[in-house]
Amino acid sequence: MAGGPSLQSAGKYRGEDSLLPYTKIRNESEPPWKNQPYWAYIVGLVILAMGIKVFVDVDYELARKNIFPGIWLTIRATIIAFGLALLISLIVGLGQISKNVVAKNLSRAYIEIVRGIPVLPLIFVLALVIIPDISEAAGAPNSVPTDLRAILALAMIYGAYMAEIIRGGVQSIPRGQMEAGRALGLSSRATMRSVIFPQAARAIIPPMANDFIAILKDTSLLSILGVLEITRRARQYSASSFKFPEAFFTMTFVYLTLVIGLSILLSMFERRFNRDRVGER
Amino acid sequence: MSPMIELRNVRKTFNKTIHAVAGVDLEVAEGEVVVIVGPSGSGKSTVLRCINLLEVPTSGDVIVDGRSLMDASTDLDEARAEMGMVFQGFNLFPHLTVLDNITLAQKKVRGRDTAEAERVAHEQLARVGIPEKADSYPRQLSGGQQQRVAIARSLAMNPKIMLFDEPTSALDPEMIKEVLDVIVELAATGMTMVVVTHEMGFARAAADRVVFIDEGLIVETGPPEDVFTNPQSDRTKAFFDKILAY
């Protein structure tokens, strides 16, 4: 065979190559039914089934009446805690990347301490010891109601978690961006505002949305402090009526609905946020 | 006449042990085009970055347009606005359109209104040959186009000095020319320029003076032809033997 080696290698190459059309065809002919979001249908069906039970079954009527009033408090606690946590995370997160030695080290210490203690014990300490002590030291003992103390505790905890998200987001922006801004004569603050933050926001928003949902779920921990949110009301109702299945089933239905609803809202927000960003990744 | 840029015994040490710049004296006259060459890791980029204090020298003085930038009372932002800088990696702002990339600092630093800033931006985009890309995002442009936008962004500030840090090193070969054309044209307008590059053809065409740096020190300096064809030091000779071989 003339030119043996090169022909051989060409043939071998062609042989390997010939696998490609197969994989391609298989990918292209992937039947549409395979790509359906069945998980969403399942979740939807579960919520629907639970909803029918909770709303139609007469045994659930009392459970509904006792537990549903807590929904508003759960939502309110979530929003307030997330808002405050966002504020704390901005201060602590930026403190961490600041060049100021005091700000940097205080921020770091705050985050490490909060992350080093489980959420529930920390809620106890913050809501029942530290915040009352602070209000007493400020000359106004017992001035902060329990509900607010509990929400503040949750906000302080998530503030530390979310500060890490802010720090990570800002640090994910390549150094060249700050340098380009500074080289143009922009101050460090102006570069942060116009160049770094808008880009960091994209890295920050998805994990922030996660923590928003986590806060919603963790408001259930406030039940331990007697805050009359959903979990507390379900426990009270079940304890007094012994209708455990009704109470806890209603409770889980409410949480699942709230969490799924919030996820949908947040993913709509994320999509809106990304829509303005044509042409870049 | 006092020089436009003056580095006086500038040293830059990283981590207390790595002497990136080991005592450099350099004067650049107004309108002069200086090309800095040297092996990688020789400290040439660090020298350039010391000029606008992106790298703060460990010791020594940097005097630009008569003002010491090492003097804490000098407004660094104001001084930097007079020095455009073009980076190897372009460093365009990816979240902004080309137009917004070019108007941002004009508005925030120069205090121009939007109409004026946009007029200047379009003018500079035309100058670098891509007037039609104003509404594109950096990602939609080729490397060469991005680098030309970066040049336009710097020029829109009407700087007195332009600094180029390996402006073509990250480009595909066919895009190098379009960027160098812009820089050569700019050199011909009498702009004071310092260019770190490996493009010896460009140095020949545009440089008034070539500075060869090795191990953080200026080894040799002179007109491009002299330095390239008749290097005085062995180190310079060894370097050019290698890179001018092909």
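The values are calculated or read from the model by the stated rules, or taken from the named source; none is laboratory data. This structure is a prediction, so every number in the text was calculated from the model and none was measured. With ideal geometry, Cβ positions are generated from the backbone for all residues, glycine too; neighbour counts draw on all protein chains shown. Please note that ligands, DNA and RNA were not included when accessible areas were found on the heavy atoms of the full protein model with its side chains. Shrake-Rupley method; radii C 1.70, N 1.55, O 1.52, S 1.80 Å.
Here are some notes:
- Among the residues making up region B:153-173, a single one is crowded, with 20+ Cβ neighbours inside 10 Å, hydroxyl-bearing (Ser, Thr, Tyr) and in contact (Cβ under 8 Å) with a residue 60 or more places away in the chain: B:Ser154.
- Residue among A:Ala160, A:Ala180, A:Ala203 that is in contact with a helix residue (DSSP H, G or I) (Cβ under 7 Å, 6 or more places away or on another chain), open to solvent by less than 50 Å² (accessible area, probe 1.4 Å) and at pLDDT 95 or above: A:Ala160
- Elements of the type strands (runs of 3 or more DSSP E) sitting completely within region B:1-57 and holding at least 1 residues that are under 15 Å from B:Thr221 (Cβ atoms) and among the small types (Gly, Ala, Ser): these cover B:18-28.
- Some residue of region B:106-117 being within 12 Å of chain A (Cβ to nearest Cβ), under 18 Å from the mean Cα position of the chain (by Cα) and of a type in the set (Lys, Arg): no
- Screening B:Val179, B:Val219, B:Val194, B:Val210 for residues that are touching a helix residue (DSSP H, G or I) at 6+ places or on another chain (Cβ under 7 Å) and more than 27 Å from B:Val24 (Cα to Cα) leaves exactly one candidate, B:Val179.
- Filtering region B:214-231 for residues that are under 24 Å from B:Arg80 (Cα atoms), in contact (Cβ under 8 Å) with a residue 24 or more places away in the chain and more than 14 Å from the chain's Cα centre (by Cα) leaves a non-empty set.
- Hey, B:Leu26 touching a residue at least 24 places away in the same chain (Cβ under 8 Å) and within 12 Å of chain A (Cβ to nearest Cβ) or not: no
- For B:Gly89, the conditions (1) of a type in the set (Gly, Ala, Ser); (2) farther than 24 Å from B:Glu185 by Cα; (3) open to solvent by 10 Å² or more (accessible area, probe 1.4 Å) are fulfilled apart from (2).
- Screening region A:51-75 for residues that are without any contact (Cβ under 8 Å) to a residue 24 or more places away in the chain and among the hydrophobic types (A, V, I, L, M, F, W, C) and picking the one that is most open to solvent (accessible area, probe 1.4 Å) gives A:Trp72.
- Qualifying position, being within 30 Å of A:Leu228 (Cβ to Cβ) and open to solvent by less than 20 Å² (accessible area, probe 1.4 Å), among A:Ser89, A:Ser143: A:Ser89
- Within region B:93-103, the only residue that satisfies the criterion of being closer than 15 Å to A:Arg175 by Cα and either more than 8 Å from chain A (Cβ to nearest Cβ) or open to solvent by 10 Å² or more (accessible area, probe 1.4 Å) (or both) is B:Pro94.
- Looking across region B:62-78, not a single residue is among the charged types (D, E, K, R), open to solvent by less than 60 Å² (accessible area, probe 1.4 Å) and assigned to a loop (DSSP other than H, G, I, E, B).
- Once region B:34-61 is narrowed to residues that are crowded, with 23+ Cβ neighbours inside 10 Å and touching a helix residue (DSSP H, G or I) at 6+ places or on another chain (Cβ under 6 Å), the residue that is farthest from B:Asp234 (Cα to Cα) is B:Asn52.
- Helices (runs of 4 or more DSSP H) (entirely within region A:173-255) containing at least 1 residues that are under 30 Å from B:Leu104 (Cα atoms) and hydroxyl-bearing (Ser, Thr, Tyr): A:188-191
- Region A:183-197 - residue that is at the interface with another protein chain (Cβ under 7 Å from one of its Cβ atoms) and either touching a residue at least 12 places away in the same chain (Cβ under 8 Å) or over 17 Å from B:Ile51 (Cα atoms) (or both) and, of those, most open to solvent (accessible area, probe 1.4 Å): A:Ser187
- Residue check for B:Ala150: under 30 Å from B:Ile18 (Cβ atoms), small (Gly, Ala, Ser), buried (at least 22 other Cβ atoms within 10 Å of the Cβ) and more than 13 Å from every other protein chain (Cβ to nearest Cβ): no
- Contact map, region A:142-154: first residue over 13 Å from A:Ser223 (Cα atoms) and touching a residue at least 40 places away in the same chain (Cβ under 8 Å), second residue open to solvent by 10 Å² or more (accessible area, probe 1.4 Å) and basic (Lys, Arg), Cβ cut-off under 9 Å, separation 6 or more or different chains; the map is empty.
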